[in-house]
Amino acid sequence: MKYFNTKRTILAGALCLSLIGFASCQDDTVDMNGLENAERIPMKTVTNQATLDVISQLKKDAPDAIIAHRGSTFWTPEETEAAFRWARNMGADYLEVDIQRSSDGVLLALHDNNLRRTSNIESVYPARVDADISNFTLKELRALDAGTWFNEDKTDNARQEFVNQKISTLEDVLMIAEGNRVKRELNGGNYDADGKPFYQEIDGDGNVIGETTDLSKSNGHFIYEVDALDNGNRPGVYPETKEPWRFSGMEADLAKFLKKHGWLSTDATTLKNIPTQAGKVGVANTKSRIILQTFSWQSMQLLEKNLPNVPKCMLLWKGGYDNLAGDTPEMIADVMDFCVDNNVHIVGPSIGGAPNKYDDITAPWMCKMYHRPGFLIHAYSFDTQDQLKKYNGDYYYEKTASRFDDANRVLANEWKGNITRDMFIDAGFTNLTDLSLKYQGRAQTGVTAESVLVDLGYETKVGRK
Amino acid sequence: MIKLKNISLMLLTLGLACSSVNAQENITTKESKGAIKFASNDGEYKWAFGGRAYMDATYYMDDATDLSSRTNISDVRLYGTATWGQWDAKINFSFAKNKVSAKDVYLNYRLNENTSIKMGHFFEPFGIQGSISSKNTRFIGSSNSGQAFGIGRSVGIAATNYTDMYFVSAGIFAGRMNNDNMGDGGFSVTGKAVYTPINEEGMLVHIGASASYRLPDANGFDAKYNDDDYNREVKYAAGPEHKFLNADIKHAGSELRLNAEVIATYGSFLFQGEYYQNKVNRKSNYDLQFMHSRPDMWGWSSTEKGFEDWYGVQRDIETKGFYAQVGFLFGSDYSYNSASAYLNRPKAGSFEILARMNNTDLNDIDGIFMQDKFWNATINSDGSDKRSAGQTNFSVAGGESTDYSLALNYYVSNNVMFRLNYTMMDIDNLHYRMDDQVSYLQARLQLNF
């Protein structure tokens, strides 16, 4: 190729290399912040009409829902009668419960896999302290004291009536939500929250023949009575199922149980009418009276199979085996697509901050991703006012006003044009229903967490005054 | 220590070669294709020393994941070759990225003019791009399929026989020279056969096939089980920074690689293509885990199948790829070397343009990918996969890409070559869902002497 001069060609080649090298110093890629990712990553959206209808119904029945996490973990021993009665009278929209199953098939309201933390099992069944809940009958579980540990652990809130509180069943929770309480031995003719509970008495064949305070003569099921101290609130119930390998068939059992007790909102023939009062919480008598929740994908699919079109919340936990392995946009998109495919209605991510110090997977760009398919967000678990303001987005607004304080609040100048409502939660699980009510402006003058406890008969404070 | 060992070995070799040269009273020198070669007067001993360097620049135009555009010296080589009687030897070291690594290190014995036996570290005879030097590829580096599936150099012994009509080479190899992993190395049996029904001045038809059966190297040793067998792995990687095409197949039992190749030239026209198909047979260690477990009150784990249900099914993995390229040479015609079963370097002053299409598929997915795991899926009513849960499997999502490249080569002299490439790459990789396409411009100034 006589047209080319060797030296010139080499120089031209070197120049070309240099030009490409200089060009490579340019920033050639869009900076991918979380918000860019949230808006760009491919995701499915909810198109199933029945699913959309359930989401619309939830917005109508329980907007800004206050979900009492295990009844209360702060004021009372969790998931006991005291916790659920307090949450009901305090004004929670939902009573949140963890569902497990006893060896005799009773659905329980209990969080931990074993009984070490929340009972006196080391005294009663020392050889079975680490045994799974499913190894115990209801009667065995009712023999345990599920309240004293709280008095020892949280001395500031200890009360005499918490001693010998019992492990609850799901039936107990529904009955309390409907305005009932456990029937107890009277004290001088008056209700005594510390009194011995009445159980169903059975004969040798297991037939119910009456009621007794002697647990050994019973099947462990409580006798209920109308709660004379009930203030008229009728909250819904928010049960959580565990991994199916722990309780095979749990979802089918739950469907049968809800139907039997008239709480299955999709079955008009058995659905119970639960009278409500104006000005009081009335979620228990709506189509959204039950919201199902789980961390397990497999359990979510079984819930959908056994309880279609009942509201469902996919709980998110960073690092779970079949949950959110990481908080990247890709990982979140995976779970959102799963939720669309399996007719989920609500996403339940964890929030950061004390005292739980969970991973914060409720950042604004993440909420935008959860909302993009059309889901609601019920985040967990709130303990402080700072958390409530942070995850409701108040700090982006002038005077850090909440939407409950000022429906016309204005974004602070530096955030105008960048912040939208879909970056924040719709509702939350709380350990302090009283705090959440106050935040939302729903607290009643003169009614405090402690006054509600006293009104319900848990009046004997034994901790620090 | 490895660096020192390699440098010492190289210096020793060069020293010995130089001292041998000095020992000869009458040495002749001659220039051949841009390199100086030494020979004893009787022609019995011949030596040559040389080297090469690649000066590269790459500019990425990416849409999501940032790639590192840069200039660099991607390779520097020094080598020495010796020939005496029926024997040839070569030692070739790379100093790329400030690391010393052995390339060709072999001894070759010529049984006759067309038959030889080679021992040492050299290219396994597999495909075209997998068994030729990067200085001879038409584009800057191999196609993505060639990068992913080409085997490269291993330690072994191979026999080769060729004529103008055919080329046959087969060998047995014992893993990579730079394998520092704990655990046993693997082995491979690799062979290539080429038939050239037309091999004339200005016209060539070359068709061939290769196969390689491989036991991959172990990647570690588990003292708990006193075993390394389950821990073998196969890696396929290609493309920009090996990001979008990258499959790491763990728990590999054995691997079979197949290749078909074709080259056709007519004067200044070139067509070249290859097809690759690979299968990795998986091997789990669930039997070992089961034997080292005992049932507990949680029911963990009562059967060997229980381990598979929990940890996932070890699926066999199949991957594939192909490329096809056409070229036109200005200034000379393509010529063929039957001894290497590939084309000769075009004459100095030649100018070459090429276009290539490549598809590389490192995805073998069953079920749904969620959270870095593959879940066995059920089917939606509309026939699409439904995101499912429960049992997982060990599918592989190494990515799939189709890329289109253009190349401009100028063979300035026997010592200097200038290359310019443009590539547009469509990406389908579950780990890089924001990336749909990346394109890049590459330039290389290639020196060899």
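The values are calculated or read from the model by the stated rules, or taken from the named source; none is laboratory data. What you see is a predicted model, and the numbers here were worked out from it, not measured in a lab. A quick note on method: Cβ atoms are made from the backbone with ideal geometry, for glycine too, and the neighbour counts reach across all protein chains shown.
Within the stretch A:333-352, the residues that satisfy the criterion of being away from chain B (no Cβ under 14 Å) and either buried (at least 17 other Cβ atoms within 10 Å of the Cβ) or in contact with a strand residue (DSSP E or B) (Cβ under 9 Å, 6 or more places away or on another chain) (or both) are A:345, A:346, A:347, A:348, A:349, A:350, A:351.
For the condition among the β-branched types (Val, Ile, Thr), outside any strand (DSSP E or B) and modelled with pLDDT of 95 or more, residue A:209 does not qualify.
Here is the figure for the stretch B:165-220: residues that are among the charged types (D, E, K, R) and at pLDDT below 90 total 4.
Looking only at residues of the stretch B:433-447 that are surrounded by fewer than 21 Cβ atoms within 10 Å (Cβ to Cβ) and within 14 Å of residue B:59 (Cα to Cα), we find that the one that is farthest from the other protein chains (Cβ to nearest Cβ) is B:439. Every condition in (1) at pLDDT 95 or above; (2) surrounded by fewer than 19 Cβ atoms within 10 Å (Cβ to Cβ); (3) basic (Lys, Arg) is met by residue B:257 except one, and the failing one is (2).
The set of residues in the stretch A:353-363 being crowded, with 19+ Cβ neighbours inside 10 Å and out of contact with any Lys or Arg (no Cβ under 6 Å at 6 or more places or on another chain) consists of A:362 alone. If only residues of the stretch B:74-112 that are surrounded by fewer than 14 Cβ atoms within 10 Å (Cβ to Cβ) and farther than 26 Å from residue B:338 by Cα are counted, the one that is nearest to the other protein chains (Cβ to nearest Cβ) is B:97. Could you please let me know if residue B:118 is in contact with an Asp or Glu (Cβ under 9 Å, 6 or more places away or on another chain) and either under 22 Å from residue B:173 (Cβ atoms) or at pLDDT 95 or above (or both)? Against the criterion (in contact with an Asp or Glu (Cβ under 9 Å, 6 or more places away or on another chain) and either under 22 Å from residue B:173 (Cβ atoms) or at pLDDT 95 or above (or both)), residue B:118 qualifies.
Within the stretch A:393-411, the set of residues being over 19 Å from residue A:438 (Cβ atoms) and surrounded by 14 or more Cβ atoms within 10 Å (Cβ to Cβ) comprises A:396, A:411.
When restricted to residues that are in contact (Cβ under 8 Å) with a residue 24 or more places away in the chain, away from every other protein chain (no Cβ under 14 Å) and at negative phi, the stretch B:336-346 contains 7.
Restricting the stretch A:119-155 to residues that are in contact with a Pro (Cβ under 7 Å, 6 or more places away or on another chain) and in a loop (DSSP other than H, G, I, E, B), the residue that is nearest to the other protein chains (Cβ to nearest Cβ) is A:146. Scanning the stretch A:298-311 for residues that are within 14 Å of chain B (Cβ to nearest Cβ) and touching a helix residue (DSSP H, G or I) at 6+ places or on another chain (Cβ under 6 Å) yields A:302, A:303.
Among the residues of the stretch A:106-124, none qualifies, meaning not one is farther than 20 Å from residue A:148 by Cα and among the hydroxyl-bearing types (Ser, Thr, Tyr). For the stretch B:41-58, the candidate set comprises residues that are more than 8 Å from chain A (Cβ to nearest Cβ) and touching a Leu at 6+ places or on another chain (Cβ under 9 Å); within that set, the residue that is farthest from residue B:436 (Cα to Cα) is B:49. Looking only at residues of the stretch A:44-83 that are among the hydroxyl-bearing types (Ser, Thr, Tyr) and part of a helix (DSSP H, G or I), we find that the one that is nearest to residue A:436 (Cα to Cα) is A:56.
Counting only residues that are assigned to a loop (DSSP other than H, G, I, E, B) and within 14 Å of chain B (Cβ to nearest Cβ), how many does the stretch A:242-297 have? Qualifying residue count, the stretch A:242-297: 9.
Looking at this structure, is residue A:84 hydrophobic (A, V, I, L, M, F, W, C), within 16 Å of the chain's Cα centre (by Cα) and more than 24 Å from residue A:254 (Cα to Cα)? Against the criterion (hydrophobic (A, V, I, L, M, F, W, C), within 16 Å of the chain's Cα centre (by Cα) and more than 24 Å from residue A:254 (Cα to Cα)), residue A:84 does not qualify.
Pairing residues of the stretch B:59-70 that are among the aromatic types (Phe, Trp, Tyr) with residues that are in a loop (DSSP other than H, G, I, E, B) and at pLDDT 85 or above, at Cβ distances under 6 Å and at least 6 apart in sequence or on separate chains, gives B:59/B:69; B:60/B:67; B:60/B:69. Among the residues here, residue B:115 qualifies as under 29 Å from residue B:41 (Cα atoms), away from every other protein chain (no Cβ under 14 Å) and among the β-branched types (Val, Ile, Thr). Picking from residues in the stretch B:59-71 that are surrounded by 19 or more Cβ atoms within 10 Å (Cβ to Cβ) and more than 7 Å from chain A (Cβ to nearest Cβ), the one that is modelled with the highest pLDDT is B:67.
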